[in-house]
Amino acid sequence: MTDLSLLLIAAYALFLLVTLVYKGPVLKGPWLFLLRSFFPNWKFFHAVGRVPHLYVRGSLSPPGTPHPAWSDWQLIYPRRARRLGDLFHNTPTNLLLAQQNLVDHFWADLIDLPDGADARQLVTFAMVDRLALTCTLAHWPQAKQRQFELRMVLSNTSPRHGPVETQTMLTTPVLPC
């Protein structure tokens, strides 16, 4: 190796060390918020483990019913079976990935939300609420009320290791359809 190669490797190692130690300011702003839709949420690299999942449920009972009958919670983003044709034209899975990316951004916004702040003021809350409404009406077209829930799910790699661990991060109040 030449001296220049060793110098470049040492500079690169120093650069990596500085970026690991130095925590710079978090960039925020409305223009950056609009640009982030072009980039996937890479937060999963920082915290491998629990993944945000969105669940919805609906009720046929009209608003104001003392004890409405609710459906079971339904996962919004179920995994699809892979097909050979998906290599060339895969719009349904791309839509599901974009929806899951929205859920990931919503989770990141909830994490960054100051204590005591209302999550309903977030733009991502409004977008996830619209997604939840669409999915609720797709599963239960006659639903009068709905709720959605954001859960952090830790999936096991093998069914032998027991059930999936979940932690509820947000449950909305009862919303009209």
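Read-outs throughout are calculated quantities, based only on the coordinates presented, and are distinct from any laboratory measurement. What you see is a predicted model; the values in this text were computed from it and never measured. Here the Cβ is made from the backbone with ideal geometry for all residues, glycine too, and neighbour counts use every protein chain on show.
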Point to revise | Label-reachable residues, the range 120-143, where backbone N falls under 16 Å from a point 7 Å from Trp73's Cα toward its Cβ | key: 132, 136
Study note, to complete from the structure: Rh (Kirkwood, all Cα-Cα pairs) for the range 83-177, Å, reads 15.6
Practice item. Report the FRET efficiency, 1/(1 + (r/R0)^6), for Phe15 and Leu137, where r is their Cβ-Cβ distance and R0 is 41 Å, rounded to 0.05. Key: 0.20
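Please give the length that would be gained between Asp3 and Arg130 if that part of the chain were fully extended, namely 0.36 nm times their separation in residues minus their C-alpha to C-alpha distance (nm, one decimal). All intermediate terms of the calculation are to be shown ahead of the outcome.
Working: separation 127, 0.36 × 127 = 45.72 nm, distance 5.91 nm.
Difference between extended and current length: 39.8 nm.
With a ≥ b ≥ c taken as the square roots of the eigenvalues of the C-alpha gyration tensor of the range 96-140, please select rounded if a/c is under 1.5 and otherwise prolate if a/b is larger than b/c or oblate if it is not?
Details: a/c = 3.30, a/b = 1.70, b/c = 1.94.
Oblate, since a/c reaches 1.5 and b/c is not below a/b.
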